């Protein structure tokens, strides 16, 4: 009798083992959560925008869009002196760049090709290099085989600062009246330059009409 009672108690208090399927369903969400936490932990911290970046975007977009472009007078790589007034009546793509900026370098061939293609259509390109020597620029352009691109020198960044440029490349599209109509932060390809030129032509035609 005692032995039977003990066996009954064992039967009564023996816990049921969870089914394997239930165990799997319980573990899978935990693995997913741990994986998500690991991915978050491994992500590099996002850098906060610097004051220079914010000032560049605000200064360029808000202060100059549809307003007069700041006057400039710069020496060119081939020894001339150019001013904003030299481009009166034409569309000017005013680009800021450096040899140490990969996206700047990538767009130089397109800028050069665009400048040659549009030279007879009242569209001009001026690529303003800042903080670099003429020797450095000349050698670099020869290395990458960019020929005939109109390059101006801003050796102490006076014009760059006047235009509020912090990040490069940046291009201002200025109409024949010296008004900034568009600006682009970042690399442009030839077709994008064509699109801006077409917008400028359409706008000019509408104003004449």
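The values are calculated or read from the model by the stated rules, or taken from the named source; none is laboratory data. A quick note: this is a predicted structure, and the numbers were derived from the prediction, not measured. Neighbour counts run over all protein chains shown; Cβ positions are idealised from the backbone, glycine included.
Taking into account only those residues within the stretch 146-184 that are under 18 Å from the mean Cα position of the chain (by Cα) and assigned to a loop (DSSP other than H, G, I, E, B), which is nearest to residue 127 (Cα to Cα)?
Here the answer is 169.
If residue 143 passes every condition in (1) surrounded by fewer than 17 Cβ atoms within 10 Å (Cβ to Cβ); (2) within 22 Å of the chain's Cα centre (by Cα); (3) more than 20 Å from residue 84 (Cα to Cα) but one, which one does it miss?
(2)
Conditions tested, residue by residue: (1) part of a loop (DSSP other than H, G, I, E, B); (2) out of contact with any helix residue (DSSP H, G or I) (no Cβ under 9 Å at 6 or more places or on another chain); (3) buried (at least 19 other Cβ atoms within 10 Å of the Cβ); (4) at negative phi.
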position: 75; (1), (2), (3), (4): no, no, no, yes
position: 86; (1), (2), (3), (4): no, yes, no, yes
position: 92; (1), (2), (3), (4): no, no, yes, yes
position: 96; (1), (2), (3), (4): no, no, yes, yes
position: 99; (1), (2), (3), (4): yes, no, no, yes
position: 104; (1), (2), (3), (4): no, yes, yes, yes
position: 108; (1), (2), (3), (4): no, no, yes, yes
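Go through (1) within 13 Å of residue 95 (Cβ to Cβ); (2) without any contact (Cβ under 8 Å) to a residue 40 or more places away in the chain for residue 171 and report which single condition fails.
(2)
Testing residue 148 on (1) within 20 Å of residue 64 (Cβ to Cβ); (2) exposed (fewer than 14 other Cβ atoms within 10 Å of the Cβ), one condition comes back false. Which one is that?
Result: residue 148 passes all but (1).
Residue check, residue 200 against (1) over 12 Å from residue 95 (Cβ atoms); (2) surrounded by fewer than 21 Cβ atoms within 10 Å (Cβ to Cβ), all met but one. Which one?
(2)
Consider residue 187 carefully, then state whether it is in contact (Cβ under 8 Å) with a residue 12 or more places away in the chain, more than 25 Å from residue 83 (Cβ to Cβ), out of contact with any strand residue (DSSP E or B) (no Cβ under 8 Å at 6 or more places or on another chain) and in a loop (DSSP other than H, G, I, E, B).
Taking the combined requirement at face value, the residue satisfies it.
Can you name the residue in the stretch 110-128 that is free of Cβ contacts under 8 Å to residues at least 60 places away in the same chain and touching a strand residue (DSSP E or B) at 6+ places or on another chain (Cβ under 6 Å) and, of all such residues, is surrounded by the fewest Cβ atoms within 10 Å (Cβ to Cβ)?
Top of the filtered list is 124.
Name the residues in the stretch 160-181 that are at pLDDT below 95 and surrounded by fewer than 18 Cβ atoms within 10 Å (Cβ to Cβ), would you?
Of everything in the stretch 160-181, those that are at pLDDT below 95 and surrounded by fewer than 18 Cβ atoms within 10 Å (Cβ to Cβ) turn out to be 161, 162, 167.
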